[in-house]
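Read through the structure below, which is laid out as structure tokens, and then see the notes.
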Amino acid sequence: MGNCHTVGPNEALVVSGGCCGSDEKSYTVGGWAWAWWLITDIQKITLEIMTLQPKCEDVETAEGVAITVTGVAQVKVMTDNELLGYACEQFLGKTVAEIKSVILQTLEGHLRSILGTLTVEQIYQDRDQFAKLVREVAAPDVGRMGIEILSFTIKDVYDKVDYLSSLGKSQTAAVQRDADIGVAEAERDAGIREAECKKEMMDVKFQADTRMADSKRELEMQKAAFNQEVNTKKAEAQLAYELQAAKEQQKIRLEEIEIEVVQRKKQITIEEKEILRTEKELIAIVKRPAEAEAYKMQQLAEAQKIHSINLLIRSYDLLIYGHCPCFINLQ
């Protein structure tokens, strides 16, 4: 009926075909897939890194100097399903050598076209930029094949007319000259820099001393302000305590005065009651007997007066009536 096929992480398994004439394709990377007998096809494509060495011999640069350039490129098949499909369309069924040959020719073509636009100096002196330019130009074309350029570097650049050697000698002389000039300028700059460093050091020391003095002065001012605030708070607290104590003393004194007033009122009440009692006692002991004696005397006086009046009346009657018997009888 069918078989189960497996591949490692360095290969992609391509299953194509199926029932009813299906043209569906499935891609499996580092896994397994089922394939029916007779109606499905099983193929594999490598995902390993392929190392290429593109070489362009006697290619004329923009200045007409023929040079030979060799490089090293690392490429591999991409695993994205769509891009893997492109790679399968281009390379499925081919050997690794055949795949490398196609990619190598593509890289060499781009390398050759770029060499014709640059000078020898640009190629020789800035190999990284040159390699980056080749990689950027070639990437879209190999990408349409489902291939990714992992790295591209320039391995060697040389010519058959000793142009690079002459260029190297002139550059060496220029470098030596620049080196001598650089040494002199470096020594000059070193002296200037040393003086500047000393000045900067002195400035830094002065600034540090100034900051230290400022910090010390600020600390002293903060201490003074803190002490003043503490003393102020203490004075305020002491004053508040004394005011509160005075208020409490005044309150206590008012209460004592109220107590004294109440006691005085009670004393006055007691004294008034004592006066009333004394008055009553005097009335009972002195006034009442005196009044009784006066009343007695008054009664005696009135009785004496009545008796005197009676005597007068009798005397008058004697004078008027004499020995009148009726008068005697009246007596």
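I'd like the full set of residues that are over 30 Å from ASP41 (Cα atoms), open to solvent by 70 Å² or more (accessible area, probe 1.4 Å) and under 55 Å from the mean Cα position of the chain (by Cα), limited to region 84-125.
GLN122, TYR124, GLN125, listed by residue number.
Do the conditions hold for ALA208, that is, is it modelled with pLDDT of 80 or more, assigned to a helix (DSSP H, G or I), of a type in the set (Gly, Ala, Ser) and out of contact with any Ser or Thr (no Cβ under 7 Å at 6 or more places or on another chain)?
No: the conditions fail for ALA208.
Tally up the residues in region 92-151 that are farther than 15 Å from VAL72 by Cα and in contact (Cβ under 8 Å) with a residue 40 or more places away in the chain, please.
The qualifying residues number 20.
For region 46-83, which positions are outside any strand (DSSP E or B), open to solvent by less than 20 Å² (accessible area, probe 1.4 Å) and under 17 Å from GLU108 (Cα atoms)?
PRO54, THR61
The values are calculated or read from the model by the stated rules, or taken from the named source; none is laboratory data. Worth saying up front: this structure is predicted, and the values here are computed from it rather than measured. Don't worry about glycine lacking a Cβ; one is built from the backbone with ideal geometry, like all the others, and counts go over all protein chains shown. Each accessible area value is taken on the protein alone, full model and side chains, heavy atoms only, with ligands, DNA and RNA left out. Shrake-Rupley method; radii C 1.70, N 1.55, O 1.52, S 1.80 Å.
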